[in-house]
Each structure stands twice: as structure tokens, then as C-alpha cells.
């Protein structure tokens, strides 16, 4: 009942009953409350009227079916994002990495630009930003509108309702589930989304653990490893199923790690009582599709992409310089790979992978191209790769390069998937964490804690594999 309706009824009662006004008003309010309860509250002796909202809520907030529907819903969003982004990503890559890239070199040659200058600007700075754009823009342009549509429809509050008990047991806030889901598009956006959490303590927990949601930049690495290594372990008819299940398993592991780390933080550096909050389940409403697409593109996709490009440009410059600047007869990249290789092998990885993650901190999207370039230029070059120039290959070529030239095994692929899930946030996310917290301590913890967990998990996996004779 609205405030205006109550005032109107009060005025009408005052005119009708005079001295008995207060008693009649209270009686009328209780009568209205009883009628509302009869329509909306289930009772043992009387079944409430089944409405569209209530029918949906019975399924979407059910202790069992609610989680099943939630899993299917987000699997559909991820599948549509990954599948739908393939064609536009390839078209964008063909244009930016093919047509525009070659045109820039033609212009540089026509201007008689020095080779080092065109290499630095075109092969380094431009190529990195082009890679990030082609890999990151199409998935975000699909994911963010889909996620916003679910939000506008009223489904996301039901997700928070379902996960509230799990996060409460972990000492975190139920709304952390929403920022976690947003992190699957981009961790920087997920960190910003933690603003919906009022408690500073629980918001910090959500910020620190958002990195365990797999962002757009990490999906290509996981899908590639699952496809060419794990899918290859079974007959071709089951290869795609095994590959998909391996990626889903990593995503589920990310949720488990989020809950475990949240619990650990709530018992140590971020002790405190879990907030009790009222979660309003708004009525379902048809989303405004065009408005949603516009808002998600402007407020989320383009802003996050711009931040990533600002970080990717210097990363490309560093990659090119490291591969082309020599110390004696050895490039800086080769020197660092040799330095990192013993530690990388302890983790079930190698020096090339660790160097790729160091130079690609600004953008995870360029991890695989950087690994391929370093593997080829520092080893037996079978594809005509050039130092500092990232390249694209099909799955069969990637498998050949990584196994024949890089010496990769299934253990390398599995540990790369684990490391990709758990390692430190990208620089865009780190910058966002700083902007949201304005605290060096929490920014450092959010950066170094995941990295430490990644080292511990990959080392444990590699050690176990060696003990069992699998490596």
C-alpha cells in the first residue's frame, strides 16, 4: 500500500467516523495487511495465490534447483560469449593484425623509417594493442550486455540469495556473488562492482578474491590448453566434451578458491562479524534491450577496454625491447628465460611461460602469442617468427610448436591452466584496486596473495606428478 493511499484512506475514515478515527484506522490497516499476506504468503492451512513471480522464485531460489538453474544460466552466458565472439574476434584480428598492420609497415617503408623505430612502434606497441582489442572487445561486447539483461530482469538478486549462505559461512557478504560473476567478464569491472557491498571489511574481501573469477583475457589460454592437450587424450568423438569439462572444472575451482580464501581472510587480517542484510527480491520485469546494450557498451565495455589498451601499449614495447636489445650475444629475453627456467620447471612450467606472464601483466590477452613468439625465436624457429613480433597460429601448429620446440607435456598444460586461474591480477585490475581502496597495503595483498597461491598449487601439482612418475 502506498503512502498516498494510506493518507487518502485516513482522511476518508476521519470524515466518516469522527471520534473513533484512530481505532478504525488501525483496524483498516490490519485488514489490508491481512489481505496482502493472504495473496503473497504461503500458510500451512491455506495455499497462497500462485503468481508469475512466485512460480519463478520457487524454481530460481530453490535450495537445489536454484543452483542447477544458476549453473545452466551462467554456462549459457559463457557459452554464448565464447562462441559468439569467435567470428567477430577473427574478423577483427584479420583486419587489425593483417590489413592495418601491413599498411603501417608499408607507410613506414615509404617514409624510410629506421627498422628499429618501425619495429618498436608497429611490431611492439601497435601489435600488442591490436591483439588486446581483437581478443577482448568482442567477448566484452557480448558478455556485459547479457549480464546486464539478467540484472535488469531481476535474476541477479536471486543469485545473491542462493549464494548468501555459502558466502556467509566464509565470513563474506552475499552480494560478493554478484561482483564475482561480474569478474568473469573483467576483473577490473568486478572490483568496481564491489561498491554494492556496504561493509568496508567485506568489500575488501570481495576485492581481494575477485581475481579468482576467470576474466576474458584468460579464457583463450584455458580453452586452448583444454583443446589441444586434454582433449587430445581421448577419442576425437569425446575431445570437445573433455575440453569443455576441463575449462568448466577450472571455473568451478575458482569459485571454491574464492570461498576458501574469503574464509581465510575473515579469520585473519579481516576479522569481523558477517553483515546481516535485507535482500530485496524485486519483481521480474522485461529488460530494455536497446538501453541495456548502450549502457553496458559505454559504462563497462569501452571504459574497461580503454584501461586495458593504456596498459597493453607499454607491454608491447617491453616485449619488443626485451627480444631485440642484446647483452653481448644474448637478448634480454633469452637472459631472463634462462634465469627463470629452473624456478619455472619446479612449478611444472618453464622460463618462457614465466617471462610471458611478467611482460604481459598489463594484458593477459597476449600471453599465448608471447609464449609462441618466445618459444620460436629462442629455440628452433620452424615458422619464420621474428623477435618481438607476436604471431597467430592454428591449433595444430600451436601444439607442434609447444611440444616439439618448447618440450611441453600434459603436466605443463594443466599447470598453465592452474597458474592462469590463480596468478596475480593484470595491471588494469591492480590500478582499479588502488583507485577503489586508495591503500597500498590492500593493493599489495590483492596482487601478491593470488601469486603466492599460484606458486604453491603449481609446485604441489608438479611435485605430486613427479612422485607418481607422471613427469
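The values are calculated or read from the model by the stated rules, or taken from the named source; none is laboratory data. Model, not experiment: these values are computed from the prediction. Cβ sites come from the backbone with ideal geometry, for glycine too, and all protein chains shown count toward neighbours.
Any residue at all in the stretch 376-385 that's assigned to a helix (DSSP H, G or I) and at pLDDT 75 or above? Among the residues of the stretch 376-385, at least one is assigned to a helix (DSSP H, G or I) and at pLDDT 75 or above, which makes the answer yes. Do we find a residue being surrounded by 21 or more Cβ atoms within 10 Å (Cβ to Cβ) and within 23 Å of the chain's Cα centre (by Cα) anywhere in the stretch 380-398? No: the stretch 380-398 contains no residue that is surrounded by 21 or more Cβ atoms within 10 Å (Cβ to Cβ) and within 23 Å of the chain's Cα centre (by Cα).
Within this structure, residue 78 fails the test of being closer than 24 Å to residue 296 by Cα, in contact with a helix residue (DSSP H, G or I) (Cβ under 6 Å, 6 or more places away or on another chain), at pLDDT below 80 and crowded, with 17+ Cβ neighbours inside 10 Å. Which of the numbered conditions does residue 242 fail, given that it passes all the others? Conditions: (1) surrounded by 16 or more Cβ atoms within 10 Å (Cβ to Cβ); (2) outside any loop (DSSP other than H, G, I, E, B); (3) under 20 Å from the mean Cα position of the chain (by Cα). Among (1) surrounded by 16 or more Cβ atoms within 10 Å (Cβ to Cβ); (2) outside any loop (DSSP other than H, G, I, E, B); (3) under 20 Å from the mean Cα position of the chain (by Cα), residue 242 violates only (3).
Taking the conditions (1) buried (at least 19 other Cβ atoms within 10 Å of the Cβ); (2) within 30 Å of the chain's Cα centre (by Cα); (3) closer than 25 Å to residue 462 by Cβ in turn, residue 363 satisfies each one other than (3). Scanning the stretch 211-220 for residues that are part of a helix (DSSP H, G or I) and either surrounded by fewer than 22 Cβ atoms within 10 Å (Cβ to Cβ) or at pLDDT below 85 (or both) gives 219, 220.
Exactly one residue out of 172, 188 is assigned to a loop (DSSP other than H, G, I, E, B), buried (at least 23 other Cβ atoms within 10 Å of the Cβ) and at pLDDT 85 or above: that is 172. Within the stretch 223-235, restricting attention to residues that are in contact (Cβ under 8 Å) with a residue 60 or more places away in the chain and surrounded by fewer than 23 Cβ atoms within 10 Å (Cβ to Cβ), which residue is nearest to residue 162 (Cα to Cα)? Among those that are in contact (Cβ under 8 Å) with a residue 60 or more places away in the chain and surrounded by fewer than 23 Cβ atoms within 10 Å (Cβ to Cβ), it is 223.
Being touching a helix residue (DSSP H, G or I) at 6+ places or on another chain (Cβ under 7 Å), more than 27 Å from residue 320 (Cα to Cα), assigned to a helix (DSSP H, G or I) and without any contact (Cβ under 8 Å) to a residue 24 or more places away in the chain holds for only one residue in 443, 447, and it is 443. Looking across the stretch 109-162 at every residue that is in a helix (DSSP H, G or I) and free of Cβ contacts under 8 Å to residues at least 24 places away in the same chain, the one that is surrounded by the most Cβ atoms within 10 Å (Cβ to Cβ) is identified as 122. Can we say residue 259 is within 22 Å of residue 412 (Cα to Cα), assigned to a helix (DSSP H, G or I) and under 19 Å from the mean Cα position of the chain (by Cα)? Against the criterion (within 22 Å of residue 412 (Cα to Cα), assigned to a helix (DSSP H, G or I) and under 19 Å from the mean Cα position of the chain (by Cα)), residue 259 does not qualify. Each residue in the stretch 422-440 was checked for being part of a helix (DSSP H, G or I) and over 15 Å from residue 356 (Cα atoms), and 12 of them qualify. Between 337, 304, the distinction of being crowded, with 20+ Cβ neighbours inside 10 Å and modelled with pLDDT of 90 or more belongs to 337 only. Looking only at the stretch 397-412, decide whether some residue is in contact with a helix residue (DSSP H, G or I) (Cβ under 7 Å, 6 or more places away or on another chain), farther than 30 Å from residue 239 by Cβ and touching a residue at least 12 places away in the same chain (Cβ under 8 Å). No - not one qualifying residue is present in the stretch 397-412.
Residues checked against (1) under 18 Å from residue 224 (Cα atoms); (2) outside any helix (DSSP H, G or I):
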{"site": "336", "(1), (2)": "no, no"}
{"site": "342", "(1), (2)": "no, no"}
{"site": "365", "(1), (2)": "yes, no"}
{"site": "391", "(1), (2)": "yes, yes"}
{"site": "399", "(1), (2)": "yes, no"}
{"site": "403", "(1), (2)": "yes, no"}
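Any residue at all in the stretch 43-53 that's closer than 30 Å to residue 248 by Cα, surrounded by 13 or more Cβ atoms within 10 Å (Cβ to Cβ) and modelled with pLDDT under 85? Checked against the condition, which is being closer than 30 Å to residue 248 by Cα, surrounded by 13 or more Cβ atoms within 10 Å (Cβ to Cβ) and modelled with pLDDT under 85, the stretch 43-53 yields no hits at all.
Quick one: would you say residue 407 is surrounded by fewer than 21 Cβ atoms within 10 Å (Cβ to Cβ), in a loop (DSSP other than H, G, I, E, B) and over 27 Å from the mean Cα position of the chain (by Cα)?
Taking the combined requirement at face value, the residue satisfies it.
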